[in-house]
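Right, one structure below, let's go through it.
Derivation of every value follows stated rules applied to the coordinates shown; laboratory data play no part. Bear in mind the structure is a predicted one, so any value in this text is a computation, not a measurement. For neighbour counting, all protein chains shown are included, and Cβ atoms are generated from backbone atoms with ideal geometry for every residue, glycine included.
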Amino acid sequence: MKYILITILLINSLCADYFDKASEAYGSGNYVEALRLFKLSANKGDADAQHNIAYIYENGYGQVHQDYKEALKWYKLAANQGFMHSQNNLALMYENGRGVEKNYKQAIHWYELSARQGSHSAQLNLGDIYYKGRGVEKNYHKALYWYKLSATQGNSSAQYNLALMYQYGEGTKKNQVEAIKWYKLAANQGELMAQYNLGTIYHFGNGINRNYKEAAKLYKLSANQGYASAQLNLGVLYFNGQGVKTNKIKTYKLWLQAANQGNIQAQNNLDSLCQESPWACK
């Protein structure tokens, strides 16, 4: 019994040593060496190492060529050991047909296993499955359930999706207070669409008092990330002097940015602005 215990401890020690050295190689960009060392640990059943091998193959880092079939193989090994991150990534591969034919049934199976272990990414992805009806009938109630679990863990995409569902009454009654709450949480994490949507709520007074200053602040955050609709609306605020000082030069720059992304309204606005105030368009 002591011999078996000592042997197990020795194997675990070796696995940890391989894993640590592999992690160092990965961090320094030596992905071939990282892969070799991770495999030494993975072949002894280390699920973390199996997951990392799969991840390297999936993304094709450095001199390691992208290989979805190899990634699938290693994700399966880790997923079958209950490793929730591999379960989520394996589900993604089934959903998107990477290294295997698309199979929504398998995707849902692995998402659920991962989501029930608390993976906020799997909860988000499962919410998307039910919201969009990918391989199943659309079910807003189930989508709301999974989005809320993910959002409560701080997943900004889930927070944004949850806000949308409360705003438009999908799977629940319309609730502008809840929508604003979740938009704020997502916006504070940098979700550009949440910043924009919350900006429009303040801009147009949808369910609350108008607040042009707050709208301008949120539009700026989204516009700075390159979102054309936010650039358009922020330009309108500068044009009208709402929440900010009137500044047609800034209006021109913002509308030009939006127009260059193909925003038709911004293109039309630019024509009118440059005819009315040509000095602003230089």
Here the Cα Rg-to-2.2 N^0.38 Å ratio for segment 29-81 is 1.00
Simple SL model, points at 7 angstrom along Cα→Cβ for residue 267 and residue 64; separation in nm is 4.5 nm
Mean Cβ-within-10 Å packing, highest first, puts peptides 158-168, 269-279 in the order 158-168, 269-279
Per residue, the convex hull enclosing the Cα atoms of the chain spans a volume in Å³ of 178 Å³
Which of 138/173; 76/148; 217/282; 69/138 exceed 20 Å between C-alpha atoms? The answer is 76/148; 217/282; 69/138
Diffing segment 95-102: the Karplus 3J(HN,Hα) column from phi (6.51, -1.76, 1.60, θ = phi - 60°), in whole Hz with x for Gly and Pro, holds 5, 9, x, 9, x, 6, 5, 4
Tilt, helix 2-27 to longest principal axis of the chain (alpha-carbon atoms), in degrees rounded to tens, equals 40 degrees
Computed over segment 188-282, the distribution of all Cα-Cα distances in 10 Å bins, rounded to whole %, is 19, 49, 28, 4
With +1 on the Cβ of every Lys and Arg and -1 on the Cβ of every Asp and Glu, the dipole magnitude of the chain about its Cα centre, in debye rounded to the nearest 20, is 740 debye
Short to long, in 10 Å steps from zero, the percent of alpha-carbon pairs of segment 66-133 per bin is 26, 56, 18, 0
Taking Cα atoms only, helix 192-204 is inclined relative to the longest principal axis of the chain by an angle, in degrees rounded to 10, of 30 degrees
HN-Hα couplings for segment 66-79 via Karplus (6.51, -1.76, 1.60; θ = phi - 60°), in whole Hz with x for Gly/Pro, come out as 4, 8, 5, 5, 5, 4, 4, 4, 6, 4, 4, 4, 6, 5
Quick P(r) readout (segment 92-202; Cα-Cα; 5 Å bins; whole %) gives 2, 14, 21, 22, 18, 12, 7, 3, 1, 0
